[in-house]
Amino acid sequence: MPKVTFPRMGESYRTFKMLMNDLGNEVIIPPRPNKKTLDHGVRHSPEFACLPLKILTGTYVETCQMGAEIIVTSGGSGPCRAGLYGQLHQKILKSIGFPVDIIVFEAPKSHPIDFIRKVNRLNAARLSYRGVWDCIKRGWEKLKYLDDAEKATHVVRPREINRGETTRVYREVLEWIDSAYTLKEIKEAGKAALEAIHQVPQDSSRQILKVGLVGEIYVLLEPASNLEMEETLGNLGVEVHRSMFLTGWTRDNTVKETSEHLSVKDAARPYIPLCIGGHGQETVGHTIIYSKEGYDGVVQMAPFTCIPEIVARTILTSVSREHNIPVLTFFLDEQTGKAGMSTRVEAFVDLMRRKKESGERPVAN
């Protein structure tokens, strides 16, 4: 039975674990990234590589030490180094004694035959196409509920009466969704999870700020890479709307772009008329949409040396001024500390709250 692993991006690993098991593989669950993970990544990655590449390098080293033989990951499109991660990681791992096989999935809508061929490589159980499709459907349902549960915490956490209760309940209900297997069980567990989160005692009279979270996909989806930014903001009384979830990204890269994604591109077009790689165009587009929807501010999360996000940050200076919405940017690397980040976030939230109380949106920097 092949031993398979994959990147850890938030709670989505629970879906991939089930799917890979169903296809007849032994799953090596990637541990949550920590200091040891990053130490491995920094040691074996190019010095000026971006943070996601370093974290993934460290994750792969750890899972290879646990016996992983195959790594399953996604590719990239446009002028972004993410499209080369698979080849680079394979060379790095081989050079340090881990000659693993890396299977890189490109967007199915542009590489359908390649997608099917790679699914077949992972189908150790030799399931029929119908059987594989049923596995994917259950996995998709689980992923949707995992994303919906996380979205619910973003609404409830800033209103909770007892600090930390939303996070406690969230961690509990994740296990409900994780243990569900059949389609019926997944739906029941998912609905129960959402109900439990919304039942957390809340103060409906509390003045809440609304902030959009934009940036590169990995540092948005993996809390360990952004130092739990969403939880930090929520504890400060901020309702977070994250611009990207794995379900939305998957829809846009499998069949066709959703109307939401197209409207984001339309919003960004006056500043960035075409794809510049990564998620730079989406960062600008979402910021403009958040402004139009009356959000109090935007936080950009970007890996240090990420060219698309650097370009976006340059443009966001004009967007912030012209659309009158404040933007706080964090460029993340292995030197970033949570204490310094929290101090900047607290000052940003205090500025937004004082301006909101005075009846005006904060003036952009």
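The values are calculated or read from the model by the stated rules, or taken from the named source; none is laboratory data. Remember, it's a predicted structure, so these values are computed and weren't measured experimentally. Note: ideal-geometry Cβ built from the backbone for every residue, glycine included; neighbour counts use all protein chains shown.
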Looking only at segment 162-186, and only at residues there that are closer than 23 Å to Glu222 by Cβ and among the aromatic types (Phe, Trp, Tyr), the one that is surrounded by the most Cβ atoms within 10 Å (Cβ to Cβ) | Tyr170
Single residue of Ala312, Ala339, Ala268 found to be within 29 Å of Arg353 (Cβ to Cβ), surrounded by 24 or more Cβ atoms within 10 Å (Cβ to Cβ) and without any contact (Cβ under 8 Å) to a residue 24 or more places away in the chain = Ala268
Which one of these does Val42 not meet: (1) under 17 Å from Leu227 (Cβ atoms); (2) touching a Leu at 6+ places or on another chain (Cβ under 8 Å); (3) surrounded by fewer than 24 Cβ atoms within 10 Å (Cβ to Cβ)?
-> (2)
Go through the residues of segment 328-339 one by one and say whether even a single one is out of contact with any strand residue (DSSP E or B) (no Cβ under 9 Å at 6 or more places or on another chain), within 29 Å of Pro273 (Cβ to Cβ) and among the aliphatic types (A, V, I, L, M).
-> no
Matching residues in segment 143-168 - criterion: being charged (D, E, K, R) and touching a strand residue (DSSP E or B) at 6+ places or on another chain (Cβ under 9 Å) | Glu150, Lys151, Arg157, Arg159, Glu160
Qualifying positions in segment 123-150 - within 28 Å of Leu220 (Cα to Cα) and among the hydrophobic types (A, V, I, L, M, F, W, C) = Cys135, Ile136, Trp140, Leu143, Leu146, Ala149
Take Arg159 and decide whether it is surrounded by 18 or more Cβ atoms within 10 Å (Cβ to Cβ) and not assigned by TED's automatic domain parsing to the domain that holds Arg353.
-> yes
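Listed here are the residues, each with its yes/no results for (1) outside any helix (DSSP H, G or I); (2) farther than 22 Å from His241 by Cβ; (3) in contact (Cβ under 8 Å) with a residue 24 or more places away in the chain; (4) touching an Asp or Glu at 6+ places or on another chain (Cβ under 8 Å).
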residue	(1), (2), (3), (4)
Ala82	no, yes, yes, no
Gly86	no, yes, no, no
Ile92	no, yes, yes, no
Pro99	yes, yes, no, no
Ile102	yes, yes, yes, no
Val132	no, yes, yes, no
Val156	no, no, yes, no
Arg163	yes, no, yes, no
Can you pull out the residues in segment 49-73 that are touching an Asp or Glu at 6+ places or on another chain (Cβ under 9 Å) and acidic (Asp, Glu)?
-> Glu69
Does at least one position in segment 229-240 carry a residue that is among the charged types (D, E, K, R), outside the structural domain of Gly75 (by TED's automatic domain parsing), loosely packed, with under 15 Cβ neighbours inside 10 Å and in a helix (DSSP H, G or I)?
-> no
Going through segment 285-317 in order, the residues found to be within 20 Å of Ala49 (Cα to Cα) and in a helix (DSSP H, G or I) are Ile307, Pro308, Glu309, Ile310, Val311, Ala312, Arg313
Selection count, segment 101-115, where residues are surrounded by 13 or more Cβ atoms within 10 Å (Cβ to Cβ) and modelled with pLDDT under 95 = 9
Do we have any residue at all in segment 46-56 that's part of a loop (DSSP other than H, G, I, E, B) and among the aromatic types (Phe, Trp, Tyr)?
-> yes
When segment 245-269 is checked residue by residue, the ones that are modelled with pLDDT of 65 or more and not in a helix (DSSP H, G or I) are Phe245, Arg269
Of the residues in segment 318-340, how many are modelled with pLDDT of 95 or more, assigned to a helix (DSSP H, G or I) and among the hydrophobic types (A, V, I, L, M, F, W, C)?
-> 1
What are the pairs, 6+ residues apart or on separate chains, where a residue within segment 16-36 that is part of a helix (DSSP H, G or I) has its Cβ under 7 Å from a residue that is crowded, with 22+ Cβ neighbours inside 10 Å and of a type in the set (D, E, K, R)?
-> Met18/Lys142
